[in-house]
Amino acid sequence: MNSQDIIIIVVLLLILIPAVRTTIVHMKGEGSCCGGPKEKVPKKKLPGKPKTVYTVDIEGMHCTNCKNRVEKHLNEIPDVISKVNLANNTAKVSVYGDTPESVIKETIEKLDFRVTGIRA
């Protein structure tokens, strides 16, 4: 093996190790693959009991950042608290006021995800 072969091997290793590490993180759903910095979901509490609790089926979420984006934007609706489950691709949406299903669906789909079902 000559010095050129060793240099090529070293360069390949320097490229492949971080790539494999990033792929593993992404596949576990722990990366911020879907644009920009990680979204932070502020804690939200509303008084009383929810009028309706919906389970929303969502397609297109790939990572924790996707989950947090959906949760954050749903929680920006004044009378809504949400909890998104990335493993099941669902959101539990508790509505404390009169927010219709259509607002929930539009909020999610504006983020470029697809709502495949909403059930109470």
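The values are calculated or read from the model by the stated rules, or taken from the named source; none is laboratory data. Keep in mind that what you see is a predicted model, and the values were worked out from it rather than measured. All Cβ positions, even for glycine, are placed from backbone atoms using ideal geometry, and neighbour counts span all protein chains on display.
Of note:
- Single residue of Val95, Val25, Val84, Val41 found to be in contact with an Asp or Glu (Cβ under 9 Å, 6 or more places away or on another chain), of a type in the set (A, V, I, L, M) and at pLDDT below 95: Val41
- Restricted to the range 77-86, and to residues there that are without any contact (Cβ under 8 Å) to a residue 40 or more places away in the chain and within 26 Å of Thr22 (Cβ to Cβ), the residue that is surrounded by the fewest Cβ atoms within 10 Å (Cβ to Cβ) is Asn85.
- The condition (being in contact with a Ser or Thr (Cβ under 9 Å, 6 or more places away or on another chain), not basic (Lys, Arg) and not in a helix (DSSP H, G or I)) is satisfied by just one residue among Thr99, Thr116: Thr99.
- First in the range 45-56 and farther than 16 Å from Leu74 by Cβ, second anywhere and in a loop (DSSP other than H, G, I, E, B), Cβ under 9 Å, 6 or more apart: Pro47/Tyr96; Gly48/Tyr96; Lys49/Tyr96
- Condition check for Ile104: touching a Phe, Trp or Tyr at 6+ places or on another chain (Cβ under 7 Å), within 16 Å of Lys51 (Cα to Cα) and not in a strand (DSSP E or B): yes
- Filter result (closer than 20 Å to Gly117 by Cβ, of a type in the set (A, V, I, L, M, F, W, C) and crowded, with 18+ Cβ neighbours inside 10 Å) within the range 49-76: Val56, Ile58, Met61, Cys66, Val70, Leu74
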